[in-house]
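K.L.:
I am attaching a structure below and will ask some questions about it afterwards.
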Amino acid sequence: MSGHSLGAPCTENDAFTGCSRDGHAHVTGFFAETAIFESQHGDRPCDEADVIGLGRLEVRPREFVAAVDGRALELTVRELQLLTALARRHDRIVTRQELYTAVWQRPFRPHERSVDVYVKRLRRKLKEALPGSELIHTHHGFGYRLSPSVSQLFHTIATDR
């Protein structure tokens, strides 16, 4: 996996891991919320599933992995965070602002294109793992939707870009 592993030496590209005094990574930010909640409450949030299944794709937030047919996808930390955010909201249109706030955990700026850049990268990797499938659908003027099915009402060939 090209994303960061816990216990591995930190690098400057580790956006959502933190470095301990010994220079090794630990989870912070997006994924740490679940761990903190569990340690304080002895349970997980009601919307936190062990496995989010979307056809042949499985997202396992608690294990920090996404897999197709049991094979782990090679995703960066940020790509996995974005996929997890979309998977938790699957089958509904999610605004760029909502995704940005959930993944980057800071206020959205109107001209921010990070979500679009990472959606493009994620689409490419999902297409490699699932040839002929489109899981992330663009709804121009609204946002993105993760779904193994195509919505005829909103979906056109132009949204596949």
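K.L.:
Anything in segment 65-86 that is surrounded by fewer than 20 Cβ atoms within 10 Å (Cβ to Cβ), touching a residue at least 40 places away in the same chain (Cβ under 8 Å) and either closer than 15 Å to R145 by Cα or not β-branched (V, I, T) (or both)? List them, or say none.
P.N.:
Start the filter on segment 65-86 by keeping residues that are surrounded by fewer than 20 Cβ atoms within 10 Å (Cβ to Cβ), which leaves 65, 67-72, 74.
Filter once more, keeping what is touching a residue at least 40 places away in the same chain (Cβ under 8 Å): 65, 68, 71-72, 74.
Within segment 65-86, R71, A72, E74 qualify.
This table checks each residue for (1) within 21 Å of I52 (Cα to Cα); (2) assigned to a helix (DSSP H, G or I); (3) touching a Leu at 6+ places or on another chain (Cβ under 9 Å).
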site	(1), (2), (3)
E74	yes, no, no
T84	yes, yes, no
H90	yes, no, yes
Y100	yes, yes, no
H111	no, no, no
L122	yes, yes, yes
K127	yes, yes, yes
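K.L.:
Taking into account only those residues within segment 134-149 that are surrounded by 14 or more Cβ atoms within 10 Å (Cβ to Cβ) and assigned to a loop (DSSP other than H, G, I, E, B), which is modelled with the lowest pLDDT?
P.N.:
Taking segment 134-149 and keeping what is surrounded by 14 or more Cβ atoms within 10 Å (Cβ to Cβ), we get 134-139, 143-148.
Now restrict to residues that are assigned to a loop (DSSP other than H, G, I, E, B): 134-135, 147-148.
Working: E134: 92, L135: 95, S147: 95, P148: 86.
Among those residues, the one meeting the criterion is P148.
K.L.:
Any residue that is touching a strand residue (DSSP E or B) at 6+ places or on another chain (Cβ under 7 Å), closer than 18 Å to L75 by Cβ and either modelled with pLDDT of 90 or more or surrounded by fewer than 18 Cβ atoms within 10 Å (Cβ to Cβ) (or both) - is there at least one of those in segment 108-122?
P.N.:
Checked segment 108-122: at least one residue is touching a strand residue (DSSP E or B) at 6+ places or on another chain (Cβ under 7 Å), closer than 18 Å to L75 by Cβ and either modelled with pLDDT of 90 or more or surrounded by fewer than 18 Cβ atoms within 10 Å (Cβ to Cβ) (or both).
The values are calculated or read from the model by the stated rules, or taken from the named source; none is laboratory data. Small disclaimer: the values here were computed from a predicted structure and weren't measured. When we count neighbours, we look across all protein chains shown, and the Cβ atoms used for this are built from the backbone with ideal geometry, even at glycine.
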